[in-house]
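Reviewing the structure listed below.
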């Protein structure tokens, strides 16, 4: 279960990482006009799609699976309860920060012609957040292996 989730995360992280590095190449010139450049938009969309998938998979599946495997998850736990427990286990720096990532996900999924500046800010923030999400995934994998929750391959 956890192993399959990590495999799926690896797929999304690998693809997001490629798009991330492409976007970084032109991120200094990233402005609302860039959102009209079809080639740039393809790369940005690819990054955003994978970013959202990663955030969803970690927040809605992996975190609960890890706590479940540790015997610490209860179905009555709210998302904030899950995040607080992961923070106590030092797997997240801050539950509040992860909630900010969820809010960022919402900004990135609602692109309307009249909020291009907000979408652009969301893209720039996602570029800053992505390395931290990769670090969280690495730390969670290491923790899961150390606790015997994940088989070594």
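The values are calculated or read from the model by the stated rules, or taken from the named source; none is laboratory data. Treat the numbers as computed from the prediction; the structure is a model and nothing was measured. Glycine gets a Cβ as well: all are built from the backbone with ideal geometry, and neighbour counts include every protein chain shown.
Once the stretch 4-26 is narrowed to residues that are at pLDDT below 95 and surrounded by 15 or more Cβ atoms within 10 Å (Cβ to Cβ), the residue that is nearest to residue 118 (Cα to Cα) is 23.
Listed here are the residues, each with its yes/no results for (1) without any contact (Cβ under 8 Å) to a residue 40 or more places away in the chain; (2) within 16 Å of the chain's Cα centre (by Cα).
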residue: 11; (1), (2): yes, yes
residue: 22; (1), (2): yes, no
residue: 54; (1), (2): no, yes
residue: 58; (1), (2): no, yes
residue: 69; (1), (2): no, no
residue: 73; (1), (2): yes, no
residue: 81; (1), (2): yes, no
residue: 91; (1), (2): no, yes
residue: 100; (1), (2): yes, yes
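Evaluation of residue 38 against the conditions (1) closer than 28 Å to residue 142 by Cβ; (2) more than 17 Å from the chain's Cα centre (by Cα) shows that the sole unmet condition is (1).
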